[in-house]
Amino acid sequence: MNHMGRKLIAMIALGTLALVIGAGELRQAQAQEAKEPYPSMAALEQYLMDRDAEIALARSAAPEAISRDADVLVLGKHGYETAVKGTNGFVCAVERGWMGPFNGKFAANFWNPKIRGPLCFNPPAARSILPMTYKRTEMVLAGASKAQIIEGIKTFIKEKLPPLEPGAMSYMMSKEQYLTDYGAHNWMAHVMVYTPLMKGAVWGANLPGSPVMLNPQFHGDPEPINVFMIPVGRWSDGTADPVEY
């Protein structure tokens, strides 16, 4: 099995696929055990990090030439706070599991307190995608249920969500990402491009030999965007993360 295949078995995240792969009875047992591993929110403290450690993890999402001059967010008890003020318009943060899909087979990690998804938004994404992270997180930390969060986001989309800006993208190249409880816990170094809702075929996503994948993170449920992911072949620290198509 090639490198990309092995990692796909692990997951596509936070954005976020969590697939339990096995064989025969082992596969059935694992699937049953993983059906609802995190049915509700854990204690808030389990989602929080040491401030300096979170800053370092957030910056690891992008090459140092980008992240060193970016704003850096950390998660507090009431939402994300700016820990470092940058100068280049990028914003680096560590997303938690609740930024994944709400329901279905890709939602297993929604309440997983171990999930850490470092990413750095470019300026257009910081203005038009990051507000979704703020909003979901605000409602989660206020104790809202999934159903309440979905309704709150629908209202937010109608009343306050800025229009998606052309060119919105983010880096997700941290070797230290924790996106699944299985295997090496990380997925692969990649960049993400945010678009209006469209069919994956428009980008040739998920087709044999194509490097482009359609992330199920939002996909109109309820945020009206798609996220296309493209592997880059190396981590932010410059070490190789080979991909075979």
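The values are calculated or read from the model by the stated rules, or taken from the named source; none is laboratory data. Everything quoted here is computed from the prediction, not taken from an experiment. We place every Cβ from the backbone using ideal geometry, glycine too, and count neighbours over all the protein chains shown. Heavy atoms of the whole protein, side chains included, go into the accessibility calculation; ligands, DNA and RNA do not. Shrake-Rupley method; radii C 1.70, N 1.55, O 1.52, S 1.80 Å.
Details
- The lone exception for Ala13 - which of (1) modelled with pLDDT under 95; (2) assigned to a helix (DSSP H, G or I); (3) small (Gly, Ala, Ser); (4) under 18 Å from Tyr178 (Cα atoms) it fails: (2)
- Test: residue in the stretch 46-61 that is in a strand (DSSP E or B) and over 25 Å from Leu214 (Cβ atoms): no
- Evaluating Met132 against the criteria (1) within 17 Å of Val191 (Cβ to Cβ); (2) part of a helix (DSSP H, G or I) leaves one unmet condition, (1).
- Every pair of residues 6+ apart whose Cβ atoms lie under 8 Å, when the first sits in the stretch 174-196 and is in a strand (DSSP E or B) while the second is small (Gly, Ala, Ser) and surrounded by fewer than 21 Cβ atoms within 10 Å (Cβ to Cβ): Tyr194/Ser128
- Candidates Ala43, Ala65, Ala58 - the one that is crowded, with 17+ Cβ neighbours inside 10 Å and of a type in the set (A, V, I, L, M): Ala58
- When the stretch 162-188 is filtered for residues that are under 18 Å from Ala126 (Cβ atoms) and not hydroxyl-bearing (Ser, Thr, Tyr), the ones remaining, listed by number, are Pro162, Pro163, Leu164, Glu165, Pro166, Gly167, Ala168, Met169, Met172, Met173.
- Count of residues meeting criterion [in a strand (DSSP E or B) and not small (Gly, Ala, Ser)] in the stretch 85-129: 9
Every residue, every condition in (1) modelled with pLDDT under 95; (2) open to solvent by less than 10 Å² (accessible area, probe 1.4 Å); (3) in contact with a helix residue (DSSP H, G or I) (Cβ under 8 Å, 6 or more places away or on another chain), yes or no:
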residue: Ala168; (1), (2), (3): no, yes, yes
residue: Met172; (1), (2), (3): no, yes, no
residue: Thr180; (1), (2), (3): yes, yes, yes
residue: Ala184; (1), (2), (3): yes, no, yes
residue: His190; (1), (2), (3): no, yes, no
residue: Val193; (1), (2), (3): no, no, no
residue: Pro216; (1), (2), (3): yes, no, no
residue: Gly220; (1), (2), (3): yes, no, no
residue: Met229; (1), (2), (3): no, yes, no
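- Applying a threshold of 9 Å to beta carbon distances and a minimum spacing of six or more residues, or different chains, the list of pairs starting in the stretch 56-72 at a residue that is under 19 Å from Met192 (Cβ atoms) and modelled with pLDDT under 95 and ending at one that is open to solvent by 30 Å² or more (accessible area, probe 1.4 Å) and part of a strand (DSSP E or B) is empty.
- The stretch 102-131 - residue that is farther than 15 Å from Ala42 by Cα and modelled with pLDDT under 95 and, of those, surrounded by the fewest Cβ atoms within 10 Å (Cβ to Cβ): Gly104
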